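The structure under discussion appears below in the form of structure tokens.
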Amino acid sequence: MSILSKKQKSFSKIPTHIAFIVDGNGRWAKKYGMPRNYGHKCGVDAIKKIIDSCSKFGIKVASFFIFSTENWARPKDEVDYIFQLAKDMFEKTLSEYKEKNYRIHVIGEVSKLDSEMQEIISKAVTETQDNDGMIVNFAINYGGRDEIVRACNSLIKSGKEEVTKQDFEQALYTCKLPDPDIVIRTSGEIRISNFMLYQMAYSELFFPKKYWPDFKEKDLYKVLIEYQGRDRRYGKLA
Ligand code: FPP
């Protein structure tokens, strides 16, 4: 048993949902004189490891923002490489995640992705849909603003003239997920870059300086320790 799993017992507050903005792959690679795409490759390895760490800590939902609606503006060879990595990641981890009882979930405008990516995602989601362990949620071609506009349009199309918060939440990509308790953006950038704009209303935010490929279980543990001391008041008095 690792030191972390022993210490986990001392947590009084275990977050249900942690969302990661996996930032800094390119800068990490540059630091080591390597091409940006190498950084993305190592970024995928870091995602795989952190998924298992989340499960170890008893997290119920782990989300990863891996491609935004704005990331299409990056050079084509980088975009193509990211999608190749994402395809490989889904394909190579599927049998392992089935065994580990993880349930794969995807948010974002998947219908705009190439047909191979759509098929791979659909297979991973379908083949893990009966698992009742941790939900591993990937945000791909996801944008918070697009999600909100899309929800408005679907509610208008359904004929509603007035909506409740519940109606609105049901129309979001995240309708089946709880809001994130914690959002972690690596790389030292202090912004949320169009991620879960509605859902993040009361999330606790963390901005570790490490680039994503360097973010390890011990760094997640530090976040969880700091989270113990955060006073989530939701507007009430302490
Ligand atoms: C938000 O910052 C960060 C993301 C949407 C994650 C970006 C990560 C990748 C594209 C690589 C991940 C790929 C794999 C396969 C793991 P931003 O850079 O979109 O926004 P900013 O310009 O405001 O910093």
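Points to keep in mind about this one:
- Phi angles across segment 183-189 convert, under the Karplus curve 6.51 cos²θ - 1.76 cosθ + 1.60 with θ = phi - 60°, into 3J(HN,Hα) values of 10, 10, 10, 7, 5, x, 6 Hz, Gly and Pro given as x.
- With each label modelled as a point 7 angstrom along the Cα→C-beta vector, the ASP80-ARG150 pair spans 2.6 nm.
- The protection proxy used here, the mean number of other Cβ atoms lying within 10 Å of each residue, ranks peptides 183-192, 57-66 as follows, highest first: 57-66, 183-192.
- Shape category assigned to segment 1-129 from the gyration tensor of Cα positions, a/c cut at 1.5: oblate
- Debye intensity ratio in log₁₀ form over the Cα atoms of the chain, taken at each q of 0.12, 0.14, 0.15 Å⁻¹: -0.70, -0.97, -1.11
- Taking a span of 15 Å or more along the helix axis (Cα atoms) and a mean Kyte-Doolittle hydropathy of at least -0.5 as the rule, the DSSP H helices of the chain that qualify are 115-128, 144-157.
- Using the Cβ of THR69 as centre and a radius below 13 Å, the other residues enclosed give a net charge of 0, where K and R count +1 and D and E count -1.
- FRET efficiency for the pair SER158 and ASP214, taken as 1/(1 + (r/R0)^6) with r the Cβ-Cβ distance and R0 = 45 Å, rounds to 0.50.
- Residue order, fewest to most surrounding Cβ atoms within 10 angstrom, among MET134, MET89: MET89, MET134
- Kirkwood estimate for segment 31-94, i.e. one over the average of 1/r between Cα atoms, Å: 13.2 Å
- Using just its DSSP H runs of length 4 or more, each adding -39500 (n - 2.57), the chain gives a mean residue ellipticity at 222 nm of -14000 deg cm²/dmol after division by all residues.
- Rounded, prolate or oblate (a/c below 1.5 giving rounded, otherwise prolate when a/b exceeds b/c) for segment 110-216 by Cα gyration tensor: oblate
- Spin-label zone in segment 189-222 - amide nitrogen under 11 Å from a point set 7 Å from the Cα of ASP167 along the C-beta vector: none
- Alpha-carbon centroids, segment 19-33 and segment 147-178: separation in whole Å: 34 Å
A short reminder: the numbers here are calculations on the coordinates, not readings from a lab. None of these values were measured; they are calculated from a predicted model. Virtual Cβ from ideal backbone geometry, glycine too; neighbours counted across all protein chains shown.
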